[in-house]
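Novice: The following block contains the structure, expressed as structure tokens.
The values are calculated or read from the model by the stated rules, or taken from the named source; none is laboratory data. The shown structure was predicted, so the numbers you read here are calculated from the model rather than taken from an experiment. A quick note on method: Cβ atoms are made from the backbone with ideal geometry, for glycine too, and the neighbour counts reach across all protein chains shown.
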Amino acid sequence: MIRRHPVVGAIALVVIGYLWIPILAVAVNSFNRSSLMVRWGGSTAHWYSLAFHDPNVRTGLITTLEIALGSTALSLVIAVSGSLWWRRAPARARAIYDALVYARIVLPEVVFATALFFLFLKAHFPLGILAIIIGHSVWNSAYAAVIIQARLTGLDPAIEEAAADLGATPWRVFRRVTFAALLPAIIASGLLTFTFSFDDVVTSYFLGGQSSSPLPLVLFGMIRFRITPEINAIGVMVMLFTVTLMGVAVAVFALMGSARRGRRGAFAEFYGQ
């Protein structure tokens, strides 16, 4: 078979090495005692301590966390409210909504960042943390909407109707049934959008102005002059943080799917008796 051909395996190894060897080099050099990194000078954790005590890095990290949390909250509000409307909307309106959602995913981020930059300039909206939060929410809400819509598709409206028939108010139905069913998807999409916002460079660069410098822009400014082991240490910590969040988001989404399949199997077994 073609997939077992040695040439195919060799090409796959080359591609994997091309992707992972630079990451491994960054991780190894973050412990390199030599500041020039032209040779191995011994192992040390000094660069991690230096990164922790760098005021620019700490300020950038705080700014990044503020932006990521604000963008995540705004994206979830937009995604949940839009998905609830999408669920009851006519077919043509749903098609338009889906097209707008996927357009934000497909189109390059630099296009949205440039458009928002000129829009804010024309509207005399100040660039800074609030502008970055709005910019991140433009495309973060699209990813959150896709996840939440997938969960809404599997939610049986009969459950909400049964709760209403039993005397629950619309708000109680939403809080105890709809929101409870959407909670795993909301958590997964929230972790995903937080990760995307935490790592963003393009939108933050266009909309940051002069007063705010998130951590990715701090790193971008540091590598303009020289790459040091401190930069490698910061990169490793950021990578571990984002990979951990992505792993938690994937695990939550997988648990959500297994729980949904378990409930369907229980219902099928009950009605099959």
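Novice: Spot the failing condition for D156; the list is (1) at pLDDT below 90; (2) touching a helix residue (DSSP H, G or I) at 6+ places or on another chain (Cβ under 8 Å); (3) farther than 24 Å from Q210 by Cα; (4) of a type outside the set (S, T, N, Q), and only one is missed.
Specialist: That leaves (2) as the condition not met.
Novice: Scan the range 154-163 and tell me whether some residue there is in contact (Cβ under 8 Å) with a residue 24 or more places away in the chain, out of contact with any strand residue (DSSP E or B) (no Cβ under 7 Å at 6 or more places or on another chain) and not aromatic (F, W, Y). Let's see the steps before the verdict.
Specialist: Within the range 154-163, the subset in contact (Cβ under 8 Å) with a residue 24 or more places away in the chain is 154-155.
Then drop every residue that is not out of contact with any strand residue (DSSP E or B) (no Cβ under 7 Å at 6 or more places or on another chain), which leaves 154-155.
Now narrow it down to the ones that are not aromatic (F, W, Y): 154-155.
The answer is yes, given that some residue of the range 154-163 is in contact (Cβ under 8 Å) with a residue 24 or more places away in the chain, out of contact with any strand residue (DSSP E or B) (no Cβ under 7 Å at 6 or more places or on another chain) and not aromatic (F, W, Y).
Novice: When the range 40-99 is examined, which residues are found to be under 20 Å from I231 (Cβ atoms), under 21 Å from the mean Cα position of the chain (by Cα) and not aliphatic (A, V, I, L, M)?
Specialist: Those that are under 20 Å from I231 (Cβ atoms), under 21 Å from the mean Cα position of the chain (by Cα) and not aliphatic (A, V, I, L, M): G60, T63, T64.
Novice: Suppose we filter the range 2-54 for residues that are modelled with pLDDT of 80 or more and more than 23 Å from N232 (Cβ to Cβ); how many remain?
Specialist: Qualifying residue count, the range 2-54: 6.
Novice: What number of residues within the range 198-227 satisfy the criterion of being under 15 Å from N56 (Cα atoms) and surrounded by 14 or more Cβ atoms within 10 Å (Cβ to Cβ)?
Specialist: The total comes to 10.
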